[in-house]
Amino acid sequence: METLAHLNEEQLAPVLDTEGAVLVLAGAGSGKTRVLTSRIEYLITEKNVPAETVLAITFTNKAAAEMKSRLEYACDTSRMWVCTIHSMCVKILRLYAEQRGLKANFSIYSEQERAAVIKQTFRECGYDDESLLKSVKFHIGNAKMLGLSPAEYGKRNRYERGIADAMKIFKKYDAHLKANNALDFDDLLIEALALLRENAEARDYLAGRFRYIHVDEFQDTNEVQFEIIKILASGHGNLFAVGDDDQSIYGWRGARLENILNFEQSFPNAKIYKLQRNYRSTASILRLANIAIANNRIRKGKKELWTEEGEGEKPVYFEAEEELGEALYVAQTIGRLVREGYKLSDFAVLMRINALTRAFEQEFTKYNLNYKVFGGFKFFERKEIKDALAYLRLISNPYDDEACMRIINVPKRGIGDKTIDILREYAAREELSLYDAVMDCDFLALPAGTKERVRGFGDYVKSLVVRSQTDSVDELVDYLLETSGMREQYADSSDDSVTKRANLDEFKSSVDEYVKMNGQSSLSEYLQQISLYSDTDEMEEGDYVTIATIHAVKGLEFKCVFIVGLEENIIPSPRAIEEQRGVEEERRLLYVAITRAKERLFLTRSKSRYLYGRREQTVRSPFVDELKGELALPERTYRPSYDTSRRYGSTGYGFGAPVRVSSYRETQKEEGYTTFGGGSRRPASFNAATMSASKPSQTERKDTSGYKVGARVRHTRFGEGTVIAMRGSGSNLIITVHFPMAGNKDLAAALAPLEILP
């Protein structure tokens, strides 16, 4: 088998170990996907295992698609389940929907749709306290994540303030979902587990069918997911789990590190393998990662990542005075490296929280660096896209009241809240869906004009339902966008409307691409895929800098990585500081961020930061101090007001010890800052000489001698403007330009995309 020849010894051993429970502790960049796909290929081509008896579970659609594409060259994946765990649960529940009191075309509610139904239920129960609503949303989400019923969760948290009210709303919320023939994201897991526990026929069939079960990212499984996997593996006992305890970063989502730490207790006689050879990063980056994670005490043995790729560039550490200086440093470094041959797509700016993106977006716009932000508002959560999807959901499942309420007046057709209340009251009284109430509008006490508008909406949806029986998904969407008036409602030339029309066009393109890739799939299958979409699934190819939270890029890699905002109360977060295990998960986050880098790594922070409505001095993250042996850290100019060695469980550097206080002049000199008029401090030079021991870049710099106060300039994004102030000189020249539309902008003349006008 040719595939096996490409495996190293560490990878080959678990691939050939096909019987019983196997856990592969796969370090970052160690080729775990290759191991998973090679094992499946080996089972089918060498061991003659039927494809339909193989199950492979991943945690993102992107990972599932990659695994499928690798396997398609060797075996028939059409008979094999290669999918996310949520998609697997949907498949199971579609097979056994009636046994769980569902219809097979049930809707899947996103987080936004769940929040909307909870809010509706909250008001129906007579509550109006917004702080209670926030608490209710938390408790319902937490209960579902733990797989607990309202009664079970209420009993476990009986001393929590307002828990009785929350559980009352929880019960009514679940009743709403049942009436709508809908499940939320967590219900997919809960209902699948309940089916496997309570229905012997389903359990015996599925556990018997899947002879070999493979689970990727095992460290991210929560309690419900773990139990589902355990039941499915009970038939043959052949579970192949791949994961890394050092990359367990989803504790806040309910991921249980114990699932991987206690694997042998759950699966007696399990075999454990380690993958430690890294194929992604240079030796200097891996050394930093190994030092960082070594400070964690709760680990499943010791792993030391190593590589044969060579030493590479040393990681660079930089401290700015304020966040704009930090962002400017990142922008200038990217600009320098692009001039040396890198592409924008080679760069990622990673942060603990997406609240830090603003400064980077601002500076990147100034210097014409194309970028995209991830870990924020996803494409399929934008209003106009959710509206289009709501039409499709109602076509697929007429019981979906949430979808019906969303679009009954979109585009505006003169159906107001009072009319909707009458329809809802009638539906509740007659035990009908809201769509059925719309179709019965002639029996309701509504003005003739209103009846006509409601009837028109009902007839239009009915026509779509009829078309859905013969049209393909792309044909149906084409017709919907042409006839619904959704495009026309954004017909003006405002930036917002132009963007929304472009988003609808992109939606149409995404549907076309889906049909091209999946053939004539049903509408419910398409909606299922969209409902199970994830952050990283949006990361398409293109020449742009990725700005993202660390959570959003797990599993990805970039040639050059900036880890920014390395400050206490950002990483580690305030909540994590209160508990040792929380701090260890935050340290794993830093480890994940470091191991995204292939060639170059930069770590940055700002000594003061404007965040959450105020500017405050910051404290360097203690995680950075743990790396002092590898990084050229400036001396602390203050010390923490507590013993951080006690709080962070460090095994090395004692953070509580006194530190030297640098003078203002010394600190300026060490960190490459110069003082300009008015006492403000800006980076004097961002070339490699001021930031690390590496040699300065010899790249030719832009001539800045032509700038003067009063000069007219043109910026690629801001248009024409006038230079109103200057400070510094040569490659360090900072100019202030007034743009009529964009206002005043401080720009580094050597980097900004400016043209001096005659």
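The slack between Lys168 and Val515, meaning 0.36 nm per residue of separation minus the straight C-alpha distance, is 120.6 nm. Shown here for region 540-628: GluC sites (Glu not before Pro) in loop regions (DSSP other than H, G, I, E, B) with at most 16 other Cβ atoms within 10 Å, namely Glu540, Glu541, Glu557, Glu578, Glu579.
Modelled label positions at Ser78 and Glu124, each set 7 Å beyond Cα in the direction of Cβ, lie 4.4 nm from each other. A probe of 1.4 angstrom, applied to the heavy atoms of all protein chains, finds Trp306 with accessible area near 100 square angstrom.
Label positions at Ala115 and Leu757, each projected 7 Å from the Cα along the C-beta direction, are separated by 4.3 nm. Under 18 Å from a label point set 7 Å out along the Cα-to-Cβ vector of Lys47, the amide N atoms of region 231-248 belong to 232-243.
In loop segments of region 338-394 as defined by DSSP, the trypsin sites (Lys or Arg not before Pro) with at most 14 further C-beta atoms inside 10 Å of their C-beta are Lys343. Distances between every pair of Cα atoms in region 30-127, grouped in 5 Å steps from 0 to the bin holding the largest one, split as 2, 11, 16, 16, 14, 11, 9, 8, 4, 4, 3, 1, 0 percent. The alpha carbon centroids of region 722-742 and region 48-98 are separated by 57 Å. For the Cα atoms of the chain, what angle does the longest principal axis make with the long axis of helix 383-396, in degrees from 0 to 90, nearest 10? With both axes taken from Cα atoms, the answer is about 20 degrees. Lysine pairs in region 351-501 whose alpha-carbon atoms fall under 25 angstrom of each other, counting only those eight or more residues apart or on distinct chains, come to 22. The residues of region 256-403 expose, per residue, 37 Å² of accessible area to a 1.4 Å probe.
Ranking Glu425, Glu475 from most to least accessible surface, computed with a 1.4 Å probe over the protein chains only, gives Glu425, Glu475. Shown is the FRET efficiency for Ala175 and Glu635, computed with R0 = 56 Å from the Cβ-Cβ distance and rounded to the nearest 0.05: 0.35.
Close Lys pairs in region 39-139 (alpha-carbon distance under 19 Å; sequence gap of 8 or more, or different chains): 5. A viscosity of 1.567 mPa s and a temperature of 4 °C, combined with the Kirkwood radius over C-alpha pairs in the Stokes-Einstein formula, give the chain a diffusion coefficient of 45 µm²/s. Inter-label distance, Gln469 to His738: 6.9 nm, where each label sits 7 Å from its Cα along the C-beta direction. As a fraction of the 1.4 Å probe accessible area of region 297-393, surface on carbon and sulfur atoms comes out at 48 percent. Toward the positive end of the charge dipole of the chain, with +1 on the Cβ of Lys and Arg and -1 on the Cβ of Asp and Glu, the farthest Cα among Gln332, Leu275, Tyr153 is that of Gln332. Each part gets one Cα centre, and for region 320-334 versus region 402-457 those centres are 55 Å apart.
Shown are Asp459, Asp746, whose ranking by accessible area with a 1.4 Å probe and every protein chain present, most to least, is Asp459, Asp746.
Protein heavy-atom accessible surface, 1.4 Å probe, per residue over region 1-105: 40 Å².
Taking the longest Cα principal axis of the chain as reference, the axis of helix 61-71 is set at about 90 degrees. Looking at the chain alone, DSSP beta bridges between its own residues are antiparallel in about 35 percent of cases.
The values are calculated or read from the model by the stated rules, or taken from the named source; none is laboratory data. The shown structure was predicted, so the numbers you read here are calculated from the model rather than taken from an experiment. Here Cβ is always computed from backbone atoms with ideal geometry, including for glycine, and neighbour counts include all displayed protein chains. Remember, those area values only see protein heavy atoms, side chains included, never the ligands or the DNA or RNA. Shrake-Rupley method; radii C 1.70, N 1.55, O 1.52, S 1.80 Å.
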